[in-house]
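Notes follow once the structure below has been shown.
The values are calculated or read from the model by the stated rules, or taken from the named source; none is laboratory data. The structure presented is a predicted model; accordingly, all values stated were derived computationally and were not measured. Here the Cβ positions follow ideal geometry from the backbone for every residue, glycine too, while neighbour counts run over all protein chains shown. Just the protein is used for accessible areas: all its heavy atoms, side chains included, with ligands, DNA and RNA removed. Shrake-Rupley method; radii C 1.70, N 1.55, O 1.52, S 1.80 Å.
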Amino acid sequence: METTNARSLGRRAFLGVGAGLALAATGVGGRVWAAGRRGQADPFVVNMLGGIRNPNRRGSRGPLGGDPEDGPLTLDERALSDALASGTAAVNTTIGYVAGLQEPFEYSVAEVARWNRIIRNHPDVLLKVRAASDIERAARDGRVGVIQGFQNGAMLGEDAGRVGVFAGLGVKIIQLTYNGPNQLGHGSMVPENGGLTDFGRDVVAELNATRTLVDLSHSGERTCLDGIEASAAPVAITHTGCRAVTDLPRNKTDRELRLVAEGGGIVGIYFMPFLAADGMAVAEDVVRHIEHAVQVCGEEHVGIGTDGGTTAVDDLDAAYEAARREVEARRRAGISAAGERPGVVPFIPDLQGPDQFRKLAGMLAARGHSSERIERILGLNALRVLRDVWGE
């Protein structure tokens with residue numbers, strides 16, 4: 001059950017949204033951000049996987065990593081103001097090693113330190129999240145809570161005790177695998193579809209013991225099912241789609257979705273091309289996957305994990321060219337997923353920018369979803385699960 005505080009926070013955040021839903025549904029709604037603080041018509045959003053960056057600036061860093069000093073170049077005033085304007089109370093921001101030539105442990109420690117510096121440099125806008133109450137605090141203060149999370153367990157090496165090291169540094173979410181295999185289990189693109197390893201089970205136990213959220217995004221089906229079974233705490237699939245709607249490996253089967261929900265966890269639907277078989281996903285596809293997830297999981301266990309930021313891409317032609325180069329690099333590195341191909345951008349073209357959550361709310365409302373359900377999906381469900389796992 002949500003606390004009165006969390007529910008009232010969400011309802012206050014939604015005051016005035018009802019009157020603007022029709023505009024939001026057409027994408028006409030204007031920004032409500034002013035003077036570095038949210039407007040009262042903003043939704044309360046907990047993005048289970050996203051980012052804060054300006055994709056139109058140099059220094060953008062994909063999963064292949066790069067110079068740790070490059071990242072802040074894309075976290076400029078526009079990126080910060082758009083994040084505030086979007087209603088984002090907190091976002092799980094991927095840091096640390098995902099893939100590439102870096103030494104995973106050292107690189108991940110450096111990434112925690114880098115993001116700590118970024119947060120310290122923007123204390124009026126950003127807040128490091130260590131507990132669920134920090135998300136509520138960020139919303140009250142008109143700031144964005146930064147949840148530090150990993151999208152690969154490779155940095156743990158062969159030492160499950162490193163989970164405690166990263167927990168002590170403030171890492172709150174660890175995804176077990178990326179698309180390929182690692183020492184914990186198999187990712188979604190491994191044909192053998194192997195399960196969680198013995199070491200992976202040790203890691204899950206340590207994640208539970210340190211109250212770190214287990215993230216099963218990108219995992220193969222058997223590793224995902226094993227991870228759900230192994231965890232004594234609720235788990236998350238922070239960013240995915242529904243395999244029954246679009247049959248691609250990055251999406252999850254109804255069985256996986258249902259078991260996450262039965263364990264008290266949450267499934268975040270992403271704003272990614274994997275929501276459509278041809279990769280040309282649009283906002284309506286996001287709604288279709290959310291509705292299917294609600295059917296399977298119940299409305300208390302569905303959220304959003306966009307896998308993107310809140311600053312729109314200004315030049316789509318340039319974005320398609322950049323996506324082509326990124327797909328080629330990912331294929332060479334062996335980390336690409338089915339559904340990634342040239343001509344497909346890694347975002348939803350008509351669901352971008354700081355108004356994306358208001359537009360989604362409007363689309364859901366136009367299809368008859370109640371304001372209470374929309375509040376849950378946008379943020380309150382995630383807040384509940386994070387409170388269950390992390391504590392207050």
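Excluding residue 348 itself, calculate the net charge of residues whose Cβ lies under 14 Å from the Cβ of residue 348, where each Lys or Arg counts +1 and each Asp or Glu counts -1.
Values: positive: 288, 359; negative: 278, 284, 285, 307, 350, 355.
Residues close to residue 348 contribute a combined charge of -4.
Hey, got the Cα dimensions of segment 262-351 along the principal axes, in Å, largest first?
40, 29, 22
Mean residue ellipticity at 222 nm from the helices of the chain, using -39,500 (n - 2.57) per DSSP H segment of n ≥ 4 over the full residue count, to the nearest 500 deg cm²/dmol?
For the chain, the value works out to -12000 deg cm²/dmol.
Calculate, in nm to one decimal, what residue 278 and residue 388 gain on full extension: separation in residues at 0.36 nm each, minus their alpha carbon distance.
Numbers: separation 110, 0.36 × 110 = 39.60 nm, distance 3.77 nm.
Result for the pair: 35.8 nm of gain on full extension.
Between residue 254 and residue 372, what FRET efficiency follows from the Cβ-Cβ distance if R0 is 25 Å, with the result rounded to 0.05?
Efficiency at R0 = 25 Å is approximately 0.55.
Taking the Cα of residue 130, stepping 7 Å toward and past its beta carbon, and measuring to each backbone N in segment 155-179: which are under 11 Å?
Answer for segment 155-179: 168-171.
Tell me the net charge near residue 48. Cut-off is 12 Å between Cβ atoms, residue 48 excluded, with +1 for each Lys or Arg and -1 for each Asp or Glu. Before the final figure, lay out the partial values.
Working: positive: 172; negative: 215, 307.
Value of the local net charge: -1.
Going by a ≥ b ≥ c, the root eigenvalues of the Cα gyration tensor, does segment 246-292 fall in the rounded group (a/c under 1.5), the prolate group (a/b larger than b/c) or the oblate group? It would help to have the intermediate numbers written out before the result.
On the way: a/c = 2.72, a/b = 1.85, b/c = 1.47.
In terms of gyration-tensor shape, prolate.
Can you give the relative contact order of the chain as a percent, counting alpha carbon pairs under 8 Å and 6+ residues apart?
This gives 20 percent for the chain.
Heavy-atom accessible area per residue, the chain, 1.4 Å probe: how many Å²?
I get 37 Å² per residue for this part.
Can you give me the pair-distance distribution of segment 111-229, C-alpha pairs, 5 Å bins, whole percents?
Values per bin, smallest distances first: 2, 12, 21, 19, 15, 12, 10, 6, 2, 0.
For every other residue with a beta carbon closer than 12 angstrom to the beta carbon of residue 336, add +1 if it is Lys or Arg and -1 if Asp or Glu, then tell me the sum.
Counting the neighbours of residue 336, the net charge comes to +2.
Would you mind computing the Rg to Rh ratio of segment 129-185 from its alpha-carbon coordinates, Kirkwood style for Rh?
1.10
Within the accessible area of segment 136-221, what % is carbon and sulfur when the probe is 1.4 Å and the other protein chains stay in place?
46 percent
Suppose we keep just the DSSP beta bridges with both residues in the chain; what percent of those would be antiparallel, to 5? Could the numbers behind the result be given before it?
Numbers: 2 of 30 bridges.
Here the share of antiparallel DSSP bridges comes out near 5 percent.
If you average the alpha carbon positions of segment 368-392 and of segment 239-311, how far apart do those two centres end up, in angstrom?
16 Å
Can you list the trypsin sites (Lys or Arg not before Pro) in segment 109-159 that are in a DSSP coil and have 11 or fewer other beta carbons within 10 angstrom?
none
What residue among 272, 339, 205 has its Cα farthest toward the positive end of the dipole of the chain, where the charges are +1 on Lys, Arg and -1 on Asp, Glu, each on the Cβ?
Final value for the positive-end residue is 272.
What is the distance in Å between the Cα centroid of segment 340-365 and that of segment 169-205?
29 Å
Within the accessible area of segment 232-312, what % is carbon and sulfur when the probe is 1.4 Å and the other protein chains stay in place?
Of all accessible area on segment 232-312, carbon and sulfur atoms account for 48 percent.
Could you name the aspartates and glutamates whose alpha carbon sits less than 15 Å from that of residue 128, not counting residues in the same chain fewer than 8 places away?
Correct list for residue 128: 111, 136, 141, 392.
Using the basic label-point model (7 angstrom from Cα toward the beta carbon), what is the residue 247 to residue 229 distance in nanometres?
Taking the simple label geometry, residue 247 and residue 229 are separated by 2.5 nm.
What is the extension gain from residue 140 to residue 120, computed as 0.36 nm multiplied by their sequence separation minus the C-alpha to C-alpha distance, in nm to one decimal?
That works out to 5.3 nm of additional length.
Cα convex hull of the chain: how many Å³ per residue?
Spelled out: Cα convex hull of the chain, divided by residues, is 117 Å³.
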